[in-house]
1. Tell me which helices (runs of 4 or more DSSP H) are completely within the range 121-240 and hold 1 or more residues being closer than 25 Å to E3 by Cβ and modelled with pLDDT of 95 or more, or say none if there are none.
2. Is the range 95-111 home to any residue that is over 13 Å from the mean Cα position of the chain (by Cα), among the hydroxyl-bearing types (S, T, Y) and farther than 24 Å from F157 by Cα?
3. Going through the range 1-32 one residue at a time, which ones are away from ligand 1 (no atom under 16 Å from the Cβ) and either part of a helix (DSSP H, G or I) or polar (S, T, N, Q) (or both)?
4. Between a residue in the range 60-84 that is closer than 19 Å to T114 by Cα and of a type in the set (S, T, N, Q) and any residue that is part of a loop (DSSP other than H, G, I, E, B) and modelled with pLDDT of 95 or more, which pairs come within a Cβ distance under 8 Å, given they are 6 or more apart or on different chains?
5. For residues that are loosely packed, with under 14 Cβ neighbours inside 10 Å and closer than 18 Å to T210 by Cα, tally how many sit in the range 175-193.
6. Kindly provide the set of residues from the range 118-135 that are under 25 Å from R201 (Cβ atoms) and either within 14 Å of ligand 2 (Cβ to nearest atom) or without any contact (Cβ under 8 Å) to a residue 12 or more places away in the chain (or both), ordered by number.
7. Evaluate the following for L2: is it surrounded by fewer than 20 Cβ atoms within 10 Å (Cβ to Cβ), within 16 Å of ligand 2 (Cβ to nearest atom) and within 19 Å of the chain's Cα centre (by Cα)?
8. F129: surrounded by 16 or more Cβ atoms within 10 Å (Cβ to Cβ), within 16 Å of ligand 1 (Cβ to nearest atom), under 21 Å from G62 (Cα atoms) and among the hydrophobic types (A, V, I, L, M, F, W, C), yes or no?
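The values are calculated or read from the model by the stated rules, or taken from the named source; none is laboratory data. Please read these numbers as outputs of a predicted model, since none were measured by experiment. Note that each Cβ is placed from the backbone with ideal geometry, even for glycine, and that neighbours are counted across all protein chains shown.
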Amino acid sequence: MLEVVRIPVLSDNYVWLIHDPASGDTVAVDPAVAEPVLDAARQRGWTIGQIWNTHWHGDHVGGNAAIKAATGCTITGPAAEAAKIDTLDRTVTEGDSVRIGDHVAQVMAVPAHTAGHIAYHLADDGIIFVGDTLFAMGCGRLFEGTPAQMFANMQRFAALPDDTTVYCAHEYTQSNGRFALTVEPDNAVLRARMEAVEAARARGEATVPTTIGLERDTNIFMRARDVAELAQRRAAKDAA
Ligand code: ZN
Ligand code: FE
């Protein structure tokens, strides 16, 4: 069994540490910064052997160089964004796989937030690291892509098993859910989820990871019936 640790950094980013007790390998996913990530590993007696980046934004790669300097780790990221991430040792694209010990992550190309954005899906472990593409009750902004691309991404995520645990890179749940309620005010699962989310945030608690099953029931971007509906919802959320 892999262990996954959440490290809150900056204002609302989550860096994820994956540890494989069998091999001793540890992966930092999207390290926005270095010190809190190195500290979290040290506290547990782990050494970061790899970094996996989902896209080039600074709040996902900012800790790459310092973590590599401290640990000698190997950094993997999207081939399509290699020119924008100068610390990559290995570039990957759709269909490639990366490993932590004997656990395999398939790389999925999920462009839209950025042109080369990728996700890391460990199917046998039932977990996926989605960066800024899928959020709890939300999706990433379309900085370098189209509504059609994001719609396709949502369809691919929706096709994963319900019990897949989804590790996203920001705590945006409350804002996403409040907007979702304006779109689907009668969605009972959404209303119940938001009651729990509001209570959790009032206690200062994190609301991710989430699951594919829960997103299928409450994520208005995953639930959009066509590209136009997703586009309209994304534009309305951007303006909210
Ligand atoms: Zn981003
Ligand atoms: Fe981000």
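1. Helices (runs of 4 or more DSSP H) meeting the threshold: 147-158, 173-183, 188-202, 212-218.
2. no
3. Result: S23, T26.
4. The qualifying pairs are N64/P31; N64/N53; N64/I85; N64/T87; T76/N53; T76/L88; T76/D89.
5. Total satisfying the criteria: 3.
6. Passing the criteria: F129, V130, G131, D132, T133, L134, F135.
7. So L2 does not fit the description; no.
8. Against the criterion (surrounded by 16 or more Cβ atoms within 10 Å (Cβ to Cβ), within 16 Å of ligand 1 (Cβ to nearest atom), under 21 Å from G62 (Cα atoms) and among the hydrophobic types (A, V, I, L, M, F, W, C)), F129 qualifies.
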